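Since every read-out is calculated from the coordinates, none of them should be taken as a lab result. These numbers come from a predicted model, not from an experiment. In this analysis, Cβ positions are derived from the backbone assuming ideal geometry, glycine residues included, and neighbour counts consider all displayed protein chains.
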Amino acid sequence: MHAQQRDDERISQLKEQILAMDGVVQAAKNVSEKGRLEARQQRLRDELKILEERLAIEARQRALSENLRRSPIEALREKLRTVDVTAEEAEARVKDLITRRKAVNQARDALEEQLTALGGANRAAADALKVAEINEQIYTRNEELRALAFQREAAEFDIELARQAERLRERIKALDAGGSPTLKALFESYTDRNEARKISDQLSPRFANLEQSKQIGESALTLGQQKLAKFDEELALLDKQTSFFSNNPKVEQLLSAQRNQKKAIAERLVFTAAQVAAIKSSEDTLSVRRELGSLDLAVLEEQFATLKDAYLERMRWPAAVLLGLIALFMTVSLLVLPLIYKNESLFLARRLTRYITIVLAVGAVASFMFDDLSMVAATMGIVSAALVIALQEAVTSAFGWFVIMMGSKFGIGDRLEIDGTRGDVIDIQLLRTTLVEVNGWLGVDEPTGRIILVPNNFIFNNKIFNYTHGHPFVWGKIDVTVGFNCAEAAAALFQRVLMEETKDEFAAARTAAQRMRRRYGVDDATYEPRVTSAIAGNDVAFTLFYVAHYRRFSDIRNRIDHRLIEELTRYPDIKLAVTSIQVSHDNPVPTAPALQQVGPTTVLPILPKGASVAPSIPPDTMG
C-alpha cells in the first residue's frame with residue numbers, strides 16, 4: 001500500500017513538472033536552451049509513461065490475484081502449498097516416539113521395583129529421603145510418558161493432515177482433467193460433499209478436547225513455575241541458616257531434600273512444557289485440516305452446482321425424446337391402431353404399444369444418463385438376480401406375459417380352462433390375466449359374474465384348454481338310452497333331429513375349420529352330425545354329437561333337447577330305458593321314421609326329460 005501511494009505521488013509530481021516545463025519551453029528564446037529543455041521534458045514524459053504502464057500491470061496482477069483468491073479451487077491449491085509435512089516423516093516420528101515410550105516405561109517399572117524393595121520387610125529402616133526421591137522420579141517419568149503421548153498424538157495428526165492433503169491434490173488433478181456431467185459423477189460429487197461436511201463436523205469435538213488439555217497443561221506449567229520460584233525462596237532462607245560455623249544436620253537434611261524436589265520439579269516442567277507444545281502443535285495441525293476441509297467443501301459445493309447445471313442442461317435431449325415418444329404413442333394409439341385393429345385386438349395392441357413405448361423411453365433416458373453402460377449392465381445384472389430370488393413369482397409372471405404375447409396362443413375374448421376353472425379372458429396384464437368365470441356352480445356355460453385373477457406363470461405350470469384357438473366351434477354330445485326293440489327307429493330319429501337342428505352350426509364350423517387347415521396343414525375333425533350306439537345289456541345307448549359356438553353352447557344344447565323331447569312324445573314306440581321319464585300321448589301316434597345309417601359306436605351318458613346334466617365340453621383338441 002505504501003509503495004502504491006509513493007508511485008501515485010511520483011506520477012503527480014511528474015505531471016506537474018511536465019506541465020511547468022511546457023511554459024518554460026515556450027518562453028525560451030535560445031534555440032540550444034530550448035532543445036535542452038525539450039529533451040528534459042521528454043525524459044519526464046518517458047518516465048511518466050513507464051511508471052503508468054508499470055502501475056497498470058500491477059493493477060492487472062492485483063485483479064488476477066483477487067480472481068484467484070475468489071476461486072475456491074485456487075484457494076485450496078494455495079493452502080496445499082503450505083502443507084509440507086509428509087506421511088512418511090510423521091510415521092517415522094511415531095515409531096521413534098513408540099521406542100522412547102518403551103524405554104521410559106522400562107525406567108518407570110525399574111523405579112517402582114526399587115520402591116517396592118524399599119517398602120518391604122526393611123520398611124522401618126528404609127531411607128525416607130530415598131523413598132521420596134524415587135517417588136519424585138516416578139512422577140517425572142509419568143509426566144514424560146504423558147508428554148510422549150501428546151507428541152505421538154500430534155504426529156498422528158500430522159499423518160492425517162498429510163493424507164488429507166494428498167487426497168485433495170488427487171481430487172484437484174481429477175477436477176483439472178474434467179469429465180462429462182454423468183449421473184455417476186453427480187452422485188459421487190454429492191457423496192463427497194456430504195462426506196466433507198461430516199469430516200468438518202468431526203473436528204469440532206477434537207478441538208474442544210485439545211483446548212481443555214491445553215488449559216490444564218498451561219495451568220500445570222504456571223503452577224510448576226510458581227512452585228519452583230517458592231522453592232528458590234525457601235532454599236535461600238535455608239541457606240542463610242547454615243554456614244561453616246553453624247552446621248545443623250536437620251537443616252542440611254531438609255535443604256538436601258528441597259534441592260532434590262526442586263530438581264525433580266524443574267525436570268518435570270520440561271515435560272509439562274513439551275505437553276503444552278505438543279497440544280499446540282496438534283491444534284495448529286487441526287486448524288490447517290479444518291481450513292483445508294472448509295476450502296475442500298467450497299470446491300465440492302461449486303463442483304456439485306456446476307455438475308448439476310450441466311446435467312440439467314444435458315437432460316434437455318432426453319426430455320425432448322420422451323416428449324417425442326409420448327406424442328408418437330398418442331398418434332399411433334389413437335389414429336393408426338384403430339384403422340388396423342378392432343375391439344379386443346385394439347385393446348391388446350394399445351397395451352403392447354404402451355409397453356414398447358416405456359421400454360424405448362427407458363432405453364433413451366439410460367443412453368443419455370449413463371456413459372458407462374457396461375457398469376450399468378453389471379449393476380442391473382446383480383440387482384436383477386437379487387430381484388429374481390426375492391420376487392420369483394412376479395418375475396416368472398412377467399416372463400409368462402412375454403410368452404403369452406409372443407406365442408399368441410390365446411388373447412382377449414378367448415375362453416380358457418385353467419386347472420379346472422373355466423372363464424373368458426377380458427384382460428392380459430404384465431403380471432396377471434383376468435377372466436370372467438363361466439359355468440362354475442351353474443352347471444351351464446354361462447357367466448357366473450365372478451372375476452378370476454390368474455398369475456401369468458400358469459403358462460409354465462398348468463395345462464391350458466382353449467375353446468377358441470383356430471375357430472370358436474366346439475363339440476358337444478347328448479346321451480340317450482332306449483330299449484333294444486326300438487333301437488333302429490331311435491337311431492333314425494336322432495340322426496334326423498341332429499341334421500335339422502345343427503345344419504347351420506356345422507356349415508359355419510366347416511368354413512371356420514379351413515383356418516385350422518391353413519395354419520397347421522391338417523384337418524382337426526370332420527364336421528358332420530354323428531350318432532353312435534353301444535349295446536348295454538338289454539338296452540342300446542346312443543350318443544348324439546353336435547358342434548356349437550362356444551358362446552351359444554347352452555342354447556344349442558337346449559334347442560336339441562327340446563326337439564328330442566318333442567319327437568319322443570310324438571313316437572311312443574320309442575321307449576327310453578329310464579323309467580323316471582313318462583311321456584303321455586293325447587293324439588294318435590305316428591309310425592316311427594325309417595332307420596338311417598348310424599356312425600361308429602361310442603358310449604357317452606345323457607339323461608332324458610326330467611334330468612339335469614352339466615354339458616361336457618371337450619378341450620381344444622376337437623375343435
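Structure notes:
- Each 10 Å bin from zero up to the one holding the largest Cα-Cα distance in the stretch 81-314 carries the following percent of pairs: 7, 21, 22, 17, 13, 9, 6, 4, 2, 0, 0.
- Spin-label model, residue 61 to residue 403: label points 7 Å out along the Cα-to-beta-carbon direction sit 8.1 nm apart.
- FRET efficiency, 1/(1 + (r/R0)^6) with R0 60 Å, evaluated for residue 139 and residue 298 via beta carbons: 0.80
- Taking Cα centre as origin and charging only the Cβ of basic (Lys, Arg, +1) and acidic (Asp, Glu, -1) residues, the dipole magnitude of the stretch 401-501 rounds to 340 debye.
- Residue 504-residue 209 pseudo-label distance in nm [points 7 Å out on the Cα-to-Cβ vector]: 9.6
- Karplus-derived HN-Hα couplings along the stretch 100-108 (A = 6.51, B = -1.76, C = 1.60, θ = phi - 60°), whole Hz, x at Gly and Pro: 4, 5, 4, 5, 5, 4, 5, 5, 5
- The tail of the calculated P(r) for the stretch 396-537 beyond 20 Å holds 61 percent of all Cα-Cα pairs.
- Per-pair calculated FRET efficiency, R0 = 60 Å: residue 419 and residue 199 via Cβ, rounded to 0.05: 0.45
- Annotation: lysines with alpha-carbon distance below 16 angstrom to residue 477 (same-chain offsets under eight excluded): 503, 609.
- Above-threshold pairs, the threshold being 32 Å between Cα atoms, out of 49/79; 102/173; 29/49; 230/280; 130/227; 49/173: 49/79; 102/173; 49/173
- Highest mean first, the peptides 149-155, 23-29, 314-320 sorted by other C-beta atoms within 10 Å per residue fall in the order 149-155, 314-320, 23-29.
- The alpha-carbon of residue 15 sits under 12 angstrom from the alpha-carbons of these aspartates and glutamates, leaving out residues fewer than 8 places away in its chain: 46, 47, 52.
- Taking each residue as 0.36 nm, the span from residue 12 to residue 517 lengthens on full extension beyond its C-alpha to C-alpha distance by 170.6 nm.
- Computed over the stretch 397-464: relative contact order in percent, which uses C-alpha pairs under 8 Å that are six or more apart: 34
- Taken along the Cα-to-beta-carbon direction at a fixed 7 Å, the label points for residue 565 and residue 130 span 13.3 nm.
- Database remark: amide H of residue 427 closer than 5 angstrom to the amide H of 434 (H placed geometrically; neighbours at sequence offset of 5 or more, or on other chains; Pro and chain starts carry no H).
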